[in-house]
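Taking it in order: structure first as structure tokens, then the write-up.
The values are calculated or read from the model by the stated rules, or taken from the named source; none is laboratory data. All values derive from a computational prediction rather than experimental measurement. Heads up, the Cβs are rebuilt from the backbone with ideal geometry, glycines too, and the neighbour counts pull from every protein chain shown.
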Amino acid sequence: MFRKLDDFFSGYQNLVEGTKKIIAVIDTDSMCQNVVSGHRTLRGVAWHIVTTVPEMMNKLGLGLSSVDEKSLPPGSPDEVRDAYDRVTDELVAALKAKWSDDDLKRTDELYGETWPRGVTLKILMDHEIHHRGQMTVLLRQAGRPVPGIYGPSQEEWARYGMELPPY
């Protein structure tokens, strides 16, 4: 739970930078990668991350409009990247303009539960982290490089003189 907006902004900036690293390696061919037929594609998971920001935050009255929460995934990776940039920038600007630290204690009804806004911001970030994990698996299945987020990925280990573990 966040008690200060500055703490959210700091954590969110790191989150956004990591997500941008993942979205940056999506190419046109990998966008259709899915685990099994009928499940979300890499494009669908990336777009879900984008549209969740206005979907969830507009329930709190922020009025985000740079991305339509009900829109379908665009056809190109560049459009996904551009939309992610817009919606994350818009969220930060809206929070800075409309909320104070005291607003983080206010509660809202979301998904059948009552959440303090500081919890909602944490859940927004956790949700994105969850789907980023799915995206790394889909990227690997599609033959794309997987960027390290909280440490080096296997592809990056050699740069640090690391060897594969024996297990």
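Return a yes/no flag: does region 118-135 have any residue that is touching a Pro at 6+ places or on another chain (Cβ under 7 Å), touching a residue at least 12 places away in the same chain (Cβ under 8 Å), among the basic types (Lys, Arg) and in a helix (DSSP H, G or I). Looking through region 118-135, none of the residues is touching a Pro at 6+ places or on another chain (Cβ under 7 Å), touching a residue at least 12 places away in the same chain (Cβ under 8 Å), among the basic types (Lys, Arg) and in a helix (DSSP H, G or I). Against the criterion of being out of contact with any strand residue (DSSP E or B) (no Cβ under 8 Å at 6 or more places or on another chain), farther than 29 Å from residue 99 by Cα, of a type in the set (Asp, Glu) and free of Cβ contacts under 8 Å to residues at least 24 places away in the same chain, residue 55 does not qualify.
For region 15-56, the set of residues classified as modelled with pLDDT of 95 or more, among the hydrophobic types (A, V, I, L, M, F, W, C) and more than 18 Å from residue 82 (Cα to Cα) consists of 32, 56, listed by residue number. Restricting attention to region 91-119, the residues being within 30 Å of residue 33 (Cα to Cα) and in contact with a helix residue (DSSP H, G or I) (Cβ under 8 Å, 6 or more places away or on another chain) number 1.
Residues in region 4-63 that are assigned to a helix (DSSP H, G or I), β-branched (Val, Ile, Thr) and either over 20 Å from residue 152 (Cα atoms) or more than 14 Å from the chain's Cα centre (by Cα) (or both): 6 in all.
Being surrounded by fewer than 15 Cβ atoms within 10 Å (Cβ to Cβ), in contact (Cβ under 8 Å) with a residue 24 or more places away in the chain and among the hydroxyl-bearing types (Ser, Thr, Tyr) is a description that does not apply to residue 66. Within region 73-109, the set of residues being farther than 22 Å from residue 3 by Cβ and acidic (Asp, Glu) comprises 78, 79, 82, 85, 89, 90. Would you confirm whether or not region 76-98 contains a residue that is assigned to a loop (DSSP other than H, G, I, E, B), aliphatic (A, V, I, L, M) and loosely packed, with under 12 Cβ neighbours inside 10 Å? No, every residue in region 76-98 fails to be assigned to a loop (DSSP other than H, G, I, E, B), aliphatic (A, V, I, L, M) and loosely packed, with under 12 Cβ neighbours inside 10 Å.
Among the residues making up region 140-157, a single one is among the small types (Gly, Ala, Ser), within 19 Å of the chain's Cα centre (by Cα) and exposed (fewer than 13 other Cβ atoms within 10 Å of the Cβ): 151. Scanning region 1-43 for residues that are among the small types (Gly, Ala, Ser) and either free of Cβ contacts under 8 Å to residues at least 24 places away in the same chain or farther than 16 Å from residue 88 by Cβ (or both) yields 10, 30, 37, 38.
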